[in-house]
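Colleague: Please read through the structure below; I'll follow up with questions.
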Amino acid sequence: MKSEVQKAGLISGIGILIMVLTVPIAEFVIFPKLVDYGNAKITFNNITENGSLFTLGIFLHLITLICDVLVAWSLYLFLKPVNKNLSLLTGLFRIVFSVITLAALLNLVSVLNLTQKLDYLTAFDSVLHSEVLLCVKNFHLQWSFAFVFFGMYLILLGVLVYEASYIPKVFGILLIIAGTGYLLDTLRAFFFPMLKMDYIMVTFFGELLFMFWLLIKGWRVKVLDD
């Protein structure tokens, strides 16, 4: 029989794996086909003509949010033997990130309503087109803001992982680096938007590597005080 910690490790790995598959499809496949940030009319027409595809992008983000909550809970259980209070605090940072992201996602839900073909809105088409594009931009701006909390979450997670006797310390270091990368990139976007820091993307792979470890080894760990 697997222990609670082993089960939590496996659930965490699966949850992160699902997120690795959902968000990239929405952000790098679906939305780029529909959204033209320089042309509100084209964006409006694309979404109107491909409503089902746009809705799929929204629900891929929703699935990701559900997994965020699941991973916050499972990693809390997985790392509770290390430091219960710090593990709880770490999970709460991911929950806050999820709540802000959900609020941001509601902007895209509003787009579904705004892109309905309603006769009485035809006189205000240009205003409507701009409002739709503004909602999409608001989503991405608010979602970007949420990554301040995600970066702090990864740093705290890295500290816990580094202190865990049943996890290789290298993953703790990688997670701290990843969290710092998210923080720097998010703050750059708000305070220094013209500054190019593309190289910092290499730091984001910490959680991905930790996911592989959870799926391969995490569900077989032995915790003495479990």
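Colleague: β-branched (Val, Ile, Thr) and more than 26 Å from residue 219 (Cβ to Cβ): is that true of residue 99 in this structure?
Modeller: Working: β-branched (Val, Ile, Thr): yes; more than 26 Å from residue 219 (Cβ to Cβ): yes.
It is true that residue 99 is β-branched (Val, Ile, Thr) and more than 26 Å from residue 219 (Cβ to Cβ).
Colleague: In segment 165-182, what residues are hydrophobic (A, V, I, L, M, F, W, C) and crowded, with 20+ Cβ neighbours inside 10 Å?
Modeller: As a first pass, look at segment 165-182 and keep what is hydrophobic (A, V, I, L, M, F, W, C): 167, 170-171, 173-178.
Result: 167, 171, 174, 175, 176, 178.
Colleague: How many residues are touching a helix residue (DSSP H, G or I) at 6+ places or on another chain (Cβ under 6 Å) and open to solvent by 60 Å² or more (accessible area, probe 1.4 Å) when one looks only at segment 54-68?
Modeller: Of segment 54-68, the ones touching a helix residue (DSSP H, G or I) at 6+ places or on another chain (Cβ under 6 Å) are 54, 57-58, 60-61, 63-65, 67-68.
Narrowing the set further to residues that are open to solvent by 60 Å² or more (accessible area, probe 1.4 Å) leaves 63.
The number of residues fulfilling the criteria is 1.
Colleague: Ok, one more. Among (1) closer than 25 Å to residue 45 by Cα; (2) in contact with a Leu (Cβ under 7 Å, 6 or more places away or on another chain); (3) surrounded by fewer than 16 Cβ atoms within 10 Å (Cβ to Cβ); (4) not acidic (Asp, Glu), which single condition is residue 106 missing?
Modeller: Condition not satisfied by residue 106: (2).
Colleague: Is it the case, given these coordinates, that residue 126 is small (Gly, Ala, Ser), surrounded by fewer than 21 Cβ atoms within 10 Å (Cβ to Cβ) and over 19 Å from the mean Cα position of the chain (by Cα)? Explain how you work it out, then say what you get.
Modeller: Details: small (Gly, Ala, Ser): yes; surrounded by fewer than 21 Cβ atoms within 10 Å (Cβ to Cβ): yes; over 19 Å from the mean Cα position of the chain (by Cα): yes.
In short, yes.
Colleague: In segment 21-70, which residues are in contact (Cβ under 8 Å) with a residue 60 or more places away in the chain and β-branched (Val, Ile, Thr)?
Modeller: 35, 43, 47, 48
Colleague: Another question, then. Of all residues being touching an Asp or Glu at 6+ places or on another chain (Cβ under 6 Å) and in a helix (DSSP H, G or I) in segment 1-42, which is most open to solvent (accessible area, probe 1.4 Å)? Just the residue, please.
Modeller: Just the residues of segment 1-42 that are touching an Asp or Glu at 6+ places or on another chain (Cβ under 6 Å), to begin with: 3, 5, 42.
Of the ones still in play, those that are also in a helix (DSSP H, G or I) are 5, 42.
Values: 5: 2, 42: 73 Å².
Per the stated criteria, the residue is 42.
Colleague: Given the conditions (1) surrounded by fewer than 18 Cβ atoms within 10 Å (Cβ to Cβ); (2) modelled with pLDDT of 95 or more; (3) not hydrophobic (A, V, I, L, M, F, W, C), and given that residue 45 satisfies all but one, which numbered condition is not satisfied?
Modeller: Of (1) surrounded by fewer than 18 Cβ atoms within 10 Å (Cβ to Cβ); (2) modelled with pLDDT of 95 or more; (3) not hydrophobic (A, V, I, L, M, F, W, C), only one is false for residue 45: (2).
Colleague: As an exercise: evaluate residue 216 against (1) surrounded by fewer than 14 Cβ atoms within 10 Å (Cβ to Cβ); (2) at pLDDT 85 or above; (3) more than 23 Å from residue 17 (Cβ to Cβ) and give the number of the one condition it does not meet.
Modeller: All conditions pass for residue 216, except number (3).
Colleague: May I pose another question? Looking at residue 134 and the list (1) assigned to a helix (DSSP H, G or I); (2) under 29 Å from residue 16 (Cβ atoms), which single condition is not satisfied?
Modeller: (2)
Colleague: Which of the residues that make up segment 144-164 are surrounded by fewer than 20 Cβ atoms within 10 Å (Cβ to Cβ) and not aliphatic (A, V, I, L, M)?
Modeller: 144, 145, 162, 163 - these are the residues of segment 144-164 that are surrounded by fewer than 20 Cβ atoms within 10 Å (Cβ to Cβ) and not aliphatic (A, V, I, L, M).
Colleague: Let me ask something else. Just wondering, is there one or more residues in segment 58-80 that are over 13 Å from the mean Cα position of the chain (by Cα), assigned to a helix (DSSP H, G or I), over 27 Å from residue 214 (Cα atoms) and not aliphatic (A, V, I, L, M)?
Modeller: No: segment 58-80 contains no residue that is over 13 Å from the mean Cα position of the chain (by Cα), assigned to a helix (DSSP H, G or I), over 27 Å from residue 214 (Cα atoms) and not aliphatic (A, V, I, L, M).
Colleague: Same structure, new question: Could you grab the pairs with beta carbons closer than 9 Å, sequence gap of 6+ or different chains, first residue in segment 169-191 and within 30 Å of residue 138 (Cβ to Cβ) and among the acidic types (Asp, Glu), second one in a helix (DSSP H, G or I) and open to solvent by 70 Å² or more (accessible area, probe 1.4 Å)?
Modeller: 185/201
The values are calculated or read from the model by the stated rules, or taken from the named source; none is laboratory data. Predicted model only: the values in this text are computed from it and were never measured. Reconstructed Cβ throughout: ideal geometry from the backbone, glycine too, with neighbour counts over all protein chains shown. These area figures cover heavy atoms from the full protein model, side chains too; ligands, DNA and RNA do not enter into them. Shrake-Rupley method; radii C 1.70, N 1.55, O 1.52, S 1.80 Å.
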